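First the structure, in the form of structure tokens, and then the observations on it.
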Amino acid sequence: MKTRILIKTSQISSALLFFALFMVLYGPRLKVIDLMSAATTITSIIVFLKFFSKGKIFYGNLSFTIIYCFLIFSYALVHYSFSTNDTTGITLALKLIIYAASAQFIISSYQKRYGGKWLFYLLNHIVICTVINGLFVIIFFLFPTSASLAASILDYTNQNDWIITQHRIFDLSMGGGSSGSYVFSIVFIIGLFKLKHENNKLNYIYLFIILLSTALMGRAGFYFELLYILLFLFTRKISIGLFLFYISLPLILITLSLNIEQILQVIKTTAISNPFFAWSFEALISYIEFQEFTTGSQNALNSMWHIPSNQFHLFFGDGNFGRTEHLAYVASDIGYVRLLYALGIFGTILIIAPIILLIVKIINQHNKDVINFKWIAIVTLASLFIFNLKELHIASRGSGVLIFLIIYVAISLNKEKINA
């Protein structure tokens, strides 16, 4: 009897932990309540109450993060007090602390629940959580009625237009788009990592669902995933000749049965009748028509590179991130441009330098248990730098907790032996 109760209690605790993980990563942004924000806030409060009860303000992995966020907070607070009254920088620092503490909660909870197998379960559950969210993305895209129903519950605005245009779709929590696709691409790396360590065919299904749902949300994350697939294949020691043969064989067969003009005409005709196809293959269609691989997004971004003309503004910023209603609009989505306008060169370095230090720290780890996982952390942090060439993505929904989870896991693995 006691054994059955223990097993049932164990199953319940596992289910609750999985639910908590899903909520901090992809809690739906309902019109009534933002479940992700609520989950991350509650879990972070639990962590800090636990630390304060031990008489420790700085503890474990959070020490570095708290100092980092305090510097950003102080810098942004000076701007808020003496300049523009833009709270973006302050909320950015607070979100970083909340997401970091929430990630600490998840890791310590998994370590307590699963012992030496905690990493295996954590990575597996992160992938499954993403697959669940991804299935909703696919359903929303295939069945517009379900998307309309979701839109009436979820707190989205611009995303509702996608139901009509059908060129992309949203998820449960992040709103889809480039940011949503980028978050999914991070999990895709974890899925590929699992392939190298587990002989489980389900992983291929998981990766396919993540890949497809990423493509339905945004091209940026999808391009990252294609790059990760290439890197994965090369690290599996597949010869370049064999790899090129495999990917070119279908093209050779098609070319033998159709001439190239017919192929291009099929692509162009399909694009006219299918908005998603036109959006997905915009660069290829542009080449067919104008002999240039360009997209509307790329052309728009090319026009968004500019810096403040005032020298003091350039070095120290004016606190305006360019998206507050009562302040001047910064005509750029590029993350680095918006950081320069708001925080200047000094503030941008304040944000970027610690991330570079983290990459260096993780690279220098020599524990054999982390030799593979540390590259997940390195690639993830490197991709964050690349993605900010497209839009500002720091302390963002979904990726905030996820990136801290990856960083803290990489650091933790350097300190202990994991039976994954």
Pull out the extension gain between residue 87 and residue 208, defined as 0.36 nm times the separation in residues minus the alpha carbon to alpha carbon distance; nm, one decimal.
39.6 nm
Under a crude label model (7 Å from the Cα following the beta-carbon direction), how far is residue 329 from residue 50 in nanometres?
4.5 nm
Multiply the residue gap between residue 30 and residue 71 by 0.36 nm, knock off their C-alpha separation, and tell me the result in nm, one decimal place.
11.5 nm
Heavy atoms of residue 155: accessible area, 1.4 Å probe, square angstrom to 10:
80 Å²
Given the whole protein assembly as supplied and a 1.4 Å probe, what does the accessible area of residue 168 come to in Å², nearest 10?
40 Å²
In Hz, Karplus ³J(HN,Hα) per residue of segment 378-393 (6.51, -1.76, 1.60; θ = phi - 60°; x = Gly, Pro)
5, 5, 4, 5, 5, 5, 5, 5, 5, 5, 6, 6, 9, 7, 5, 9
Nearest 0.05, what FRET efficiency do residue 145 and residue 310 give at R0 = 45 Å with Cβ-Cβ as r?
0.30
Cross-link list 31/390; 50/117; 31/361; 201/361: which exceed 31 angstrom alpha carbon to alpha carbon?
31/361; 201/361
Working with all protein chains in place, sort 78, 187, 379 by solvent-accessible area computed with a 1.4 Å probe, largest first.
78, 379, 187
Note down the accessible area of residue 389, probe 1.4 Å, to the nearest 10 Å².
80 Å²
Which order do the peptides 317-326, 145-154, 192-201 come out in when sorted by mean C-beta neighbours inside 10 angstrom, highest first?
317-326, 145-154, 192-201
Roll a 1.4 Å probe over the protein chains and send me the accessible area per residue for segment 75-145 in Å².
41 Å²
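The values are calculated or read from the model by the stated rules, or taken from the named source; none is laboratory data. All values reported here derive from a predicted model rather than from experimental measurement. Glycine also receives a Cβ, built like all others from the backbone with ideal geometry; neighbour counts cover every protein chain displayed. Just so you know, the surface numbers come from the protein's heavy atoms only, side chains and all, with ligands and any DNA or RNA stripped out. Shrake-Rupley method; radii C 1.70, N 1.55, O 1.52, S 1.80 Å.
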